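Since the structure comes first, as structure tokens, the remarks are kept for the end.
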Amino acid sequence: MPGWGEEAGRLKWSRRWDAELEWDPPAARWFAGGQINASYNALDVQDPSRTAIIWEGEDGSVRRITYGWLLDQASRLAGGLLSMGVGRGDRVAIYLPMIPELPAAMLACARIGAVHTVVFSGLGAASLRSRIADSGARVLVTADAGYRRGARIRLKEAADEAVRGTGVRTIVVRRTGDASLGPGDTWWDDLVSGSAPADPVPLESCHPLFILYTSGTTGMPKGILHGTGGYLVHACSTFRLAFGTRPGDIYWCTADPGWVTGHSYVVYAPLCCGATQVMYEGAPDHPDASRMWQVAERHGVTILYTTPTAIRMQMASGILPGSHDLSALRLLGSVGEPLGAPAWAWYRDEVGGGRCPVIDTWWQTETGGMMVVDPPGGGTPEPGYAGRPVPGIDVRVVDDGGRPAPDGERGRIVVSGTWPGMMIGVWGSEERYASYWSGDPPVYQAGDYAVRDAEGRIRILGRADDVLNVAGHRIGTAEIEACAASHPGVAEAAACGVPDPVRGQSIAVFAVPRGGGFEPGEIRSLVRRDVGPVASPRIVCSVPRLPKTRSGKIMRRILGALAAGSDPGDTSTLEDPGAVEDAARALRGA
Ligand code: WTA
């Protein structure tokens, strides 16, 4: 990677920066003094007649979305937002399915300096409500409904429940046409057709672009706050580094913009780089597992960026992609979870016909963009390894004392110094931002375990904290525990991860009953409703007590080992070792 300043020079700035970096650890100001607008770079500077998105609905319908259409929608919606009193720095929540209006809504906010907070449409009303409350959003953009596995998901109903009594105004995209609007609501079409397009405003490089909530170790997810200039430079330069899109490429990142991968590598980087990409509305295995290959074949996808869970789902389906013409593919990427050697080999051979490089990419919501990747031709990839640090970023694997871990030995991932895509804060909590840093000078603690080999390649082993990775989604054990404990028949609960051959991890909940107790099905429905269907527990057990240390810390590691059928290891530090036998008995009965 050339210098970050050179990378920044590929974007259009309204005012050039005075300093590439002002670094006062742990606070960084990238391109300080510069002024830029993300929506301008994604839309106004592109050829309006060029296809930005080839959108395929779950029902098979296809829409070709040009850069011009996105610009028209985003700039008029921005005008509509201004007329509703939304201004610079104001937050707008977005709760939309995978439809082209989702990037348009994000870019409408960015255009006028409003801060978007996208909430994944698979999350429930309670999650949406708490994110709206925490971010202080006064406007919500949603849709009447979305389609998933043939079913209509009534987003407007969840949105109504989320904003009830809050005075939040709602803009509704008409997808299925079967919602009725309340007094504070307006149809997207009406607002857009009745509003004059708004011009992009020049914003300070560090002006907040978005808040994206992600799970941490407490019940309330953290609102990761990203700036504009540094974030765009990082997302765009790593997009070019990893995928190097060329004219004629059809790129397909299967991520939903409700997660960070969709923010960086569906919306901001590909659009700012003028790419043409596929967006598919529904489930990749609907009506069957070959759907993913049908979509790739139909649109001549050349670069595919997906998750290990999607790959393992395909492997498990028994349907080989070989019956589809995937000869246009030239590059395969993976993100979000460890890509083990079997999935790596299947991806390369069955999907890529043995001719496409497979590149793994490690990064996090907090890092804004890729941190570890071996670009094609940039070194021999090793199955199971995410690759080497992006040039210019000092990713290290260290022992508990912060010293470099010997090659081949497990350590924690830290990043020394800073990088342009680094979050600029945690919304509303300086302490939560500060908690990511330790040492002198402060070093960023990623929260993952990893191993480095003698070639400098990094293998990611998984989270070192109480955060689970279920089908590539980050879910905090604390969120599930708080939700389970909200059932009146639950005194306390512990959640842990259990290895799952397809989804990486699945969730087990151990709950201590009180009063009238609970049915496992009630806990499942509660978690599905309040946290979201992705967090639905596979195992729910009733136990008389939880294994805890003498200081009262729940030993989730022990519960996880029991649920996985493996040896719970040392239980001598427990307050009451009998709790382990209780949990084992409960599992046998579950
Ligand atoms: C995990 C997703 C192994 C890791 C971009 C990290 C990975 C968390 C990889 C961040 C990878 C991400 N190999 N594990 N290539 N990429 N992870 O914030 O545990 O949703 O800390 O960002 O996903 O998840 P997040």
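The values are calculated or read from the model by the stated rules, or taken from the named source; none is laboratory data. For clarity, every value in this text was computed on a predicted model and none was experimentally measured. Here Cβ is always computed from backbone atoms with ideal geometry, including for glycine, and neighbour counts include all displayed protein chains. These accessible areas exclude ligands, DNA and RNA; they are computed on the full protein's heavy atoms, side chains included. Shrake-Rupley method; radii C 1.70, N 1.55, O 1.52, S 1.80 Å.
Annotations for the structure displayed:
- Total residues in segment 462-488, condition more than 8 Å from the ligand (Cβ to nearest atom) and under 24 Å from Pro381 (Cα atoms): 1
- Filter result for Ser525 (out of contact with any His (no Cβ under 7 Å at 6 or more places or on another chain) and free of Cβ contacts under 8 Å to residues at least 24 places away in the same chain): yes
- Number of residues in segment 257-266 that are near the ligand (Cβ under 9 Å from one of its atoms) and either among the β-branched types (Val, Ile, Thr) or open to solvent by 10 Å² or more (accessible area, probe 1.4 Å) (or both): the value is 3.
- Test: residue in segment 224-247 that is basic (Lys, Arg) and farther than 21 Å from Ala143 by Cβ: yes
- Selection status of Ser429, closer than 17 Å to Thr214 by Cβ, touching a residue at least 60 places away in the same chain (Cβ under 8 Å) and surrounded by fewer than 16 Cβ atoms within 10 Å (Cβ to Cβ): yes
- Within segment 232-253, the residues that satisfy the criterion of being within 13 Å of the ligand (Cβ to nearest atom) and either among the small types (Gly, Ala, Ser) or open to solvent by 10 Å² or more (accessible area, probe 1.4 Å) (or both) are Ala235, Ala242.
- Of all residues in segment 73-89, none satisfies being open to solvent by 10 Å² or more (accessible area, probe 1.4 Å), out of contact with any His (no Cβ under 6 Å at 6 or more places or on another chain) and either closer than 18 Å to Gly258 by Cβ or modelled with pLDDT under 95 (or both).
Each row is one residue, and each column tells you yes or no for (1) modelled with pLDDT under 95; (2) in contact with a Cys (Cβ under 8 Å, 6 or more places away or on another chain); (3) open to solvent by 30 Å² or more (accessible area, probe 1.4 Å).
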residue	(1), (2), (3)
Ala137	no, no, no
Asp160	no, no, yes
Thr166	no, no, yes
Arg175	yes, no, yes
Ser195	no, no, no
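- Any chance Arg15 is of a type outside the set (S, T, N, Q), surrounded by fewer than 17 Cβ atoms within 10 Å (Cβ to Cβ) and either within 30 Å of Asp288 (Cβ to Cβ) or free of Cβ contacts under 8 Å to residues at least 60 places away in the same chain (or both): no
- Across segment 545-565, the number of residues qualifying as free of Cβ contacts under 8 Å to residues at least 24 places away in the same chain and open to solvent by 60 Å² or more (accessible area, probe 1.4 Å) comes to 3.
- Hits in segment 486-503 - residues which are outside any strand (DSSP E or B) and buried (at least 18 other Cβ atoms within 10 Å of the Cβ): His487, Arg503
- The set of residues in segment 348-368 that are within 10 Å of the ligand (Cβ to nearest atom), over 12 Å from the mean Cα position of the chain (by Cα) and open to solvent by 10 Å² or more (accessible area, probe 1.4 Å) comprises Asp360, Trp362.
- Ala345 being more than 13 Å from the ligand (Cβ to nearest atom), among the hydrophobic types (A, V, I, L, M, F, W, C), free of Cβ contacts under 8 Å to residues at least 60 places away in the same chain and open to solvent by 10 Å² or more (accessible area, probe 1.4 Å): yes
- Residues located in segment 298-330, provided they are within 16 Å of the ligand (Cβ to nearest atom) and in contact with an Asp or Glu (Cβ under 7 Å, 6 or more places away or on another chain): Thr307, Pro308, Thr309
- Any hit, segment 514-526, residues being more than 25 Å from the chain's Cα centre (by Cα), farther than 23 Å from Gly472 by Cβ and assigned to a strand (DSSP E or B): no
- Residue list for segment 79-104, filter: assigned to a loop (DSSP other than H, G, I, E, B) and out of contact with any Phe, Trp or Tyr (no Cβ under 9 Å at 6 or more places or on another chain): Met84, Gly85, Val86, Gly87, Arg88, Gly89, Asp90, Leu96
- Spans of strands (runs of 3 or more DSSP E) in segment 388-473 with at least 2 residues of a type in the set (S, T, N, Q) and at pLDDT 95 or above: none
- Of the set (1) among the aliphatic types (A, V, I, L, M); (2) surrounded by fewer than 22 Cβ atoms within 10 Å (Cβ to Cβ); (3) within 16 Å of the ligand (Cβ to nearest atom); (4) under 17 Å from the mean Cα position of the chain (by Cα), all apply to Ala269 but (2).
- Residue within segment 382-393 that is closer than 19 Å to Tyr347 by Cα, within 16 Å of the ligand (Cβ to nearest atom), touching a residue at least 40 places away in the same chain (Cβ under 8 Å) and of a type in the set (A, V, I, L, M, F, W, C) present: yes
- Breaking point among (1) touching a Phe, Trp or Tyr at 6+ places or on another chain (Cβ under 8 Å); (2) in contact (Cβ under 8 Å) with a residue 60 or more places away in the chain; (3) closer than 21 Å to Pro257 by Cα; (4) open to solvent by 20 Å² or more (accessible area, probe 1.4 Å), for Leu155: (4)
- Given (1) closer than 23 Å to Cys272 by Cα; (2) touching a Pro at 6+ places or on another chain (Cβ under 9 Å); (3) charged (D, E, K, R), number of the condition Arg175 does not satisfy: (1)
- Per the listing Ser542, Ser506, the residue uniquely over 25 Å from Ala162 (Cα atoms), at pLDDT 95 or above and open to solvent by less than 30 Å² (accessible area, probe 1.4 Å) is Ser506.
- Pick from segment 331-341, criterion closer than 16 Å to Pro501 by Cα and surrounded by 14 or more Cβ atoms within 10 Å (Cβ to Cβ), ranking: farthest from the ligand (Cβ to nearest atom): Gly340
- Restricting attention to segment 311-330 and to residues that are part of a helix (DSSP H, G or I) and among the polar types (S, T, N, Q), the residue that is surrounded by the fewest Cβ atoms within 10 Å (Cβ to Cβ) turns out to be Ser323.
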